[in-house]
Each structure stands twice: as C-alpha cells, then as structure tokens.
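> Structure provided below as structure tokens; questions to follow.
The values are calculated or read from the model by the stated rules, or taken from the named source; none is laboratory data. These figures come from a predicted structure and were not determined experimentally. Virtual Cβ from ideal backbone geometry, glycine too; neighbours counted across all protein chains shown. Just the protein is used for accessible areas: all its heavy atoms, side chains included, with ligands, DNA and RNA removed. Shrake-Rupley method; radii C 1.70, N 1.55, O 1.52, S 1.80 Å.
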Amino acid sequence: MKNFAGKIAFITGGASGAGLGQAKVFGKAGMRVAIADIRQEALDKAVEELIAYGLKREDILPIQVDLTDRKAYAAAADKVEEVFGGPPHLLIQTAGVNSFGPAEASTFDDYDWVMGVCLHAVVNGLVIFVPRMVKAYGHKEEFHVAATSSMGGFMAGPITAPYSAAKAAVNILMFSYNEALRPYGGGATALCPGNIRSNIGEAEKYRPAHLRNTGYNVTEKTIGLLKNIHAHGMDPVELAEHLKAGIENNQPLVIPYPNPDKMLREQHEIIELYCTPEGVRKLEERRKEMEEKRKEVRYGLDYDEAGFAKARPDLDWVDPSKKVSK
Ligand code: NAI
C-alpha cells in the first residue's frame, strides 16, 4: 500500500504508546484514523494529542472497546463503517499487554490475559475485518493489515512464555495473511520492535478483575522497574515511520533496527542447535554467555532488587532462585 491520503485506518491500542505513534504518522499522511482502546481516559487524551499534532478532529474516531470481546469488536467495526463510510483500508492491531515471570509459575489467568489481548484479539480483528476489507477493496484499491508483534516472537525465554508464544503466533498470522491477500492487491505486515517508549509497564494496573490470579510477583516495585525499562525504548513516531515504510514495500516483516537479518540468524541458530545432540551440548556451553548477554540489555537496572520476573512469593515449590529474595 503506497497511497494513504483520504483513506481509513483502524488502529487498536491507538490511545497510547506505539498505537498513538501510528495514529500520528498515518493521520499526518492524510488518513482518517479510528483509534480503538479499552481505556476511555487515555482515548480522550490521545484525541487532544492528535489534534495538537495537526490532525483534524473530524478525521479522528475514538472507540472505547475491549478487543477480546468479539461482539464489542464487531460493533466497533460497524461504527467505523457508519462514521467513515466504509471499512478500513489499513488495519493496524497494536493493542497489547505484558507480564513476566517464570514459565512454570504461569497461571491460566496469565495466559488468558496476555494471549487474550496479544493474540486472540488480533484473531478477532482479522476475522471481523478482513472479509469486509476484501469485499470493499479487493482487486480495486490498496488495503493492508498489520500487527505490532515483538522481537520476543522470535525468542524463547524462561520469563516470557505467554507473551512470546502470542507474538510468535502473530508473526505467522501476518506472514500467512500476506500470502493470502496478495492476489487481491492487499498485504500484511508484522512489526517486531524490541523496546518501545510506552505505557505498557502500567498494564497490570488495568488487568481485568477476573484474570488477576497471577503466578508472578507483581508489585509497585516490579511495575516501576518495567516502566523504567520502557522509558529507554524507541520513540513511537519513529517506530511508526518504520512500519509505514514496510507497508509501502509490502514487507511481511519489519524489524526496526539496522541488520535485522543478523538478529534473525542469531535466533534461528539457537533453534537449529535445539535439534541435534551436538547442538544441545553446544547450547549448554553457551548458556552462561547467553545469560550474560541478556543482562547487558537491562539498562543497568537491578531486576533482583525489584523482584522483577520472579514467582509469586507463596509458590513454595518454585526454585528459590526464581523467587523474591528477602
Ligand atoms: P501501551 O500500553 O502504551 O499501549 C497499548 C494499548 O493497548 C493501551 O492503550 C491499552 O489500553 C490498550 N489495550 C490493552 N488491552 C486492551 C484491550 N483488551 N482492548 C483494547 N485495548 C487494549 O503499550 P505499547 O508498548 O505501545 O504496546 C503496543 C504493542 O507493542 C503491544 O502489542 C506490545 O506487545 C508491543 N510491543 C511493545 C514493546 C515495548 O517495549 N513497549 C516491545 C515490543 C512490542
């Protein structure tokens, strides 16, 4: 998709962080932007910020919706058609949450919340919007679907199981839809950042009440540390510019850093090592080095002191090194 002016974008998670950056960039490119988000007060602030950024009020449609609720998501899709006169030409699914802790301590609530927003809501958007987009624009006009995934989707980690599993699935979904939509003149893109300057560190604060039985250590301190990590991330507008360039080239994958091929080869090499006895031996030797590498990207923050990514303290069967040190 190369021409954006006058067209319609539907951006999930558009009230904050990466999604708000995308609303700015695609709004500036002349699109009318629907921003869908669960938090009304964040939507209200985002509308003001978009107007201050130069968008016209009538080109912004804020929609409060829980995207994991299929009926509510379908109603949001109806709303954008009613107000903007058609389905989006560009669907960007960016809403997401994260929560970190030892995989073995993960509860159903951890999986249902993280995978619910990061994966199942993306599936909801694809099933609800893609048929509408193909019917309206297939073989006639450019259209595109994208999702904000993560580099985490290429990396297995002991503390990111629900998140990485969701993002790996989102990557494959985007690659699949890219193949599927090309014959109609459409495309699909997975955007895989590493760290974004955003508010995702606060997500635990609005975890739904019925999904609060976490197996992880979640405290004001762990939330504070996560916020600190994300304060070091990429600017959302800069990230959105990378996505825009990727969409213009119909790239199935956008990794917004120099030498993405090298990053992917490193991850792929680990998976190759998984499949032979010799590989497993080599990995064992490299495990220490890999752990040191992980520590290098911690911005000098003391994860242990904050009790970050540890198990819930009362889970007495969890290895003590994975629990909060007293
Ligand atoms: P953010 O918290 O600033 O924005 C995410 C938005 O999603 C929030 O406004 C939130 O209200 C909304 N949201 C959450 N649950 C929702 C639901 N059920 N229905 C509707 N809206 C919902 O976070 P950020 O970082 O901008 O996240 C955007 C995407 O980027 C996420 O998918 C995240 O996984 C991904 N990502 C973030 C990274 C980071 O370092 N912050 C790194 C790599 C990927």
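> What is the sum of charges around ALA76, taking Lys and Arg as +1, Asp and Glu as -1, for the other residues whose C-beta is under 14 Å from the C-beta of ALA76?
Here the charged neighbours net out to -2.
> Compute the signed sum of charges (Lys and Arg +1, Asp and Glu -1) over the other residues within less than 11 Å, Cβ to Cβ, of ILE229.
Taking every other residue near ILE229 into account, the sum is +3.
> In the chain, once you exclude exposed chymotrypsin sites (Phe, Trp or Tyr not before Pro) (DSSP loop, at most 13 other Cβ within 10 angstrom), what's the longest stretch remaining?
With chymotrypsin sites (Phe, Trp or Tyr not before Pro) excluded where exposed in loops, the chain gives 1-298 as its longest stretch.
> What is the calculated FRET efficiency for ILE51 to GLU82, with r their C-beta to C-beta distance and R₀ = 25 Å, to the nearest 0.05?
My answer for the efficiency is 0.70.
> Relative to the longest principal axis of the chain, what angle (0 to 90°, nearest 10) does the C-alpha long axis of helix 121-137 take?
Result, in degrees: 30.
> Tell me the relative contact order for the chain as a rounded percent, counting alpha carbon contacts under 8 Å between residues six or more apart. Provide the component values of the computation, followed by the final result.
Details: 600 pairs, mean separation 61.0, N = 326.
For the chain, the relative contact order is 19 percent.
> Another one. If you find the alpha carbon centre of the range 223-260 and of the range 132-198, how far apart are they in angstrom?
14
> In degrees between 0 and 90, to the nearest 10, how far off the longest principal axis of the chain does helix 70-84 point, with axes built from Cα atoms?
Approximately 40 degrees, to the nearest 10.
> Could you derive backbone 3J(HN,Hα) for the range 97-113 from the dihedral phi with the Karplus parameters 6.51, -1.76 and 1.60 (θ = phi - 60°), listing whole Hz in sequence and x where the residue is Gly or Pro?
9, 9, 6, 10, x, x, 3, 5, 8, 4, 9, 4, 4, 4, 5, 5, 6
> As I understand it, the value is the acute angle between the Cα axis of helix 236-248 and the longest principal axis of the Cα atoms of the chain; what does it come to in degrees, rounded to 10?
Compared with the principal axis, the helix lies near 60 degrees.
> Could you check how much of the accessible area of the range 260-299 is carbon and sulfur, as a whole percent, using a 1.4 Å probe?
55
> Taking springs between alpha-carbon atoms closer than 10 angstrom, which of ARG197, ARG182, ARG294 fluctuates most in the Gaussian network model of the chain?
ARG294
> Quick check on my link table: of LYS2/LYS135; LYS288/LYS310; LYS2/LYS45; LYS244/LYS295; LYS24/LYS262, which ones sit more than 26 Å apart, alpha carbon to alpha carbon?
The answer is LYS2/LYS45; LYS244/LYS295; LYS24/LYS262.
> Moving on to the next point. Send over a whole-number figure in Å² for the accessible area per residue of the range 8-257, probe 1.4 Å.
On a per-residue basis, 38 Å².
> Just the number please: accessible area per residue for the range 260-299, 1.4 Å probe, all protein chains included, in Å².
About 86 Å² of surface per residue is accessible.
> Of all accessible surface on the range 8-257 at a 1.4 Å probe, what whole percent is carbon and sulfur?
Carbon and sulfur atoms account for 55 percent of the accessible area of the range 8-257.
> OK, next. Add +1 for every Lys or Arg and -1 for every Asp or Glu among the other residues with Cβ under 15 Å from the Cβ of GLN64, and state the total.
Its environment carries a net charge of -2.
> Also, I was wondering about something else. Between LEU253, LEU55, LEU283, which gets the highest mean-square fluctuation from a Gaussian network model of the chain, Cα cutoff 10 Å?
Residue with maximal mean-square fluctuation among LEU253, LEU55, LEU283: LEU283.
> Let me ask something else. Please check: in the Gaussian network model of the chain (C-alpha springs, under 10 Å), which one of ARG265, ARG70, ARG39 has the largest mean-square fluctuation.
ARG265
> Under the rule of -39500 (n - 2.57) per DSSP H run of 4 or more residues, summed and divided by the residues of the chain, what mean residue ellipticity at 222 nm is obtained, to the nearest 500 deg cm²/dmol?
-15000 deg cm²/dmol
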